[in-house]
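Working notes, structure below.
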Amino acid sequence: MTKIRIYHNPECSKSRAALALLEENDVSPEIIYYLETPPSIEELKSLLEKLGLQLQDIIRHSEDDFEELGLGDETLSQEIVLDLLQKHPHLLQRPIVVKGDKAIIARPPEDVLGMIEKGKGE
């Protein structure tokens, strides 16, 4: 079976719930504490590709420093935004769960169950 990774923030209730659902279903994911070990710019690009989302879709717009950092400025290049996300990982949507070449933002946390089901029989 393909290994599952979770970009986890233990302070986030949705992240804790997604991790609990994985563990309750006998999945022992690789846990990446992304606030302690932020993803590299290349890793962020890979996550975007696996998620099938645009860069703005993985940013927490409700965080205070979203505006302070100017992340709402549509003229910022992708490289600048990725650099800011790498330096301020708390701005990433969470939790991000990865399995093979697919990823989801597990909001609601129950969305991780679809990744588990798809993995049966692999």
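The values are calculated or read from the model by the stated rules, or taken from the named source; none is laboratory data. Bear in mind the structure is a predicted one, so any value in this text is a computation, not a measurement. A quick note on method: Cβ atoms are made from the backbone with ideal geometry, for glycine too, and the neighbour counts reach across all protein chains shown.
For residues in region 14-30 being assigned to a helix (DSSP H, G or I) and surrounded by fewer than 12 Cβ atoms within 10 Å (Cβ to Cβ), which is nearest to the chain's Cα centre (by Cα)? So, considering only residues that are assigned to a helix (DSSP H, G or I) and surrounded by fewer than 12 Cβ atoms within 10 Å (Cβ to Cβ), the one nearest to the chain's Cα centre (by Cα) is Glu23. Could you please find all residues in region 46-70 being surrounded by 11 or more Cβ atoms within 10 Å (Cβ to Cβ) and over 16 Å from Ile105 (Cβ atoms)? If the condition is that a residue be surrounded by 11 or more Cβ atoms within 10 Å (Cβ to Cβ) and over 16 Å from Ile105 (Cβ atoms), then Asp65, Phe66, Glu67, Leu69, Gly70 are the ones that fit.
The conditions of being at pLDDT 95 or above, touching a Pro at 6+ places or on another chain (Cβ under 6 Å) and farther than 18 Å from Thr2 by Cβ are not met by Pro108. Applying the condition of being more than 21 Å from the chain's Cα centre (by Cα) and surrounded by 10 or more Cβ atoms within 10 Å (Cβ to Cβ) to region 71-85 and asking which residue is farthest from Pro38 (Cα to Cα) yields Asp73. When you look at Leu35, is it surrounded by 12 or more Cβ atoms within 10 Å (Cβ to Cβ) and either of a type in the set (Asp, Glu) or part of a helix (DSSP H, G or I) (or both), yes or no? Against the criterion (surrounded by 12 or more Cβ atoms within 10 Å (Cβ to Cβ) and either of a type in the set (Asp, Glu) or part of a helix (DSSP H, G or I) (or both)), Leu35 does not qualify. Selection within region 67-105: residues that are in contact with a Gly (Cβ under 9 Å, 6 or more places away or on another chain) and not in a helix (DSSP H, G or I). The member of this set that is farthest from Leu47 (Cα to Cα) is Leu76. Of all the residues in region 91-109, those that are within 18 Å of Ser15 (Cα to Cα), surrounded by fewer than 21 Cβ atoms within 10 Å (Cβ to Cβ) and either in contact (Cβ under 8 Å) with a residue 60 or more places away in the chain or over 16 Å from the mean Cα position of the chain (by Cα) (or both) number 3. Restricting attention to region 31-53 and to residues that are farther than 15 Å from Arg94 by Cα and polar (S, T, N, Q), the residue that is nearest to the chain's Cα centre (by Cα) turns out to be Ser46.
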